[in-house]
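Here's the structure we're looking at; comments come further down.
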Amino acid sequence: QVQVVESGGGLVQPGGSLRLSCEASGSIFSVNHMGWYRQAPGKQRESVAVIRSGGRTNYADSVRGRFTISRDNAKNTVTLQMVGLKPEDTAVYYCNAGIISAAPYDVHDYWGQGTQVTVSS
């Protein structure tokens, strides 16, 4: 069984910073991509940042230059450092991981439960 658990989030003023962390655990053979998505009220879930196992990253245009994604392959963790936060960054943030589980080596996308980020004065 595989679990993906986020931590971090909360309330911050515009211009402030937050750090989100996510850990994948359980019967894992390997982890491919890891990333962060977000969903604001009334909007569709969107990709924020993704990092491949080799370190290649992709960012949404709206966060490029303000958010930084990183991962620790040995610990199966991914972190999203957010600076210069804006009210429009307010959303529930979800961690996503493409995981190959231990035998029988199934490949699945796993999601965390989500963590609220609110940017408001």
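The values are calculated or read from the model by the stated rules, or taken from the named source; none is laboratory data. Small disclaimer: the values here were computed from a predicted structure and weren't measured. Here the Cβ is made from the backbone with ideal geometry for all residues, glycine too, and neighbour counts use every protein chain on show. Keep in mind that these areas ignore ligands, DNA and RNA; they rest on the heavy atoms of the full protein, side chains included. Shrake-Rupley method; radii C 1.70, N 1.55, O 1.52, S 1.80 Å.
Observations on the model:
- Counting only protein heavy atoms and using a 1.4 Å probe, the accessible area of GLU23 comes to about 90 Å².
- Residue separation of GLU46 and SER70 scaled by 0.36 nm, minus their Cα-Cα distance, works out to 6.8 nm of gained length.
- For the chain, the carbon plus sulfur part of the accessible surface works out to 47%, probe radius 1.4 Å.
- A 1.4 Å probe, protein heavy atoms only, puts the accessible area of PHE29 near 130 Å².
- DSSP-defined beta bridges in the chain - what % are antiparallel, rounded to 5: 90 percent
- Summarising the amide proton neighbourhood of ILE28: residues at separation of 5 or more, or on other chains, whose placed amide H is nearer than 5 Å comprise ALA102.
- Qualifying chymotrypsin sites (Phe, Trp or Tyr not before Pro) for the stretch 68-121 [loop in DSSP, other Cβ within 10 Å: at most 12]: TYR105
- Accessible surface ranking that places the most exposed of VAL5, VAL107 first, with a 1.4 angstrom probe: VAL107, VAL5
- Looking at the chain, the accessible area is 53 square angstrom per residue; that uses a 1.4 Å probe and ignores ligands, DNA and RNA.
- Measuring with a 1.4 angstrom probe and ignoring ligands and nucleic acids, LEU18 comes out at about 30 Å² accessible.
- In this rough spin-label picture, where each label sits 7 Å from Cα along the Cβ direction, the ALA60-GLN1 distance is 3.1 nm.
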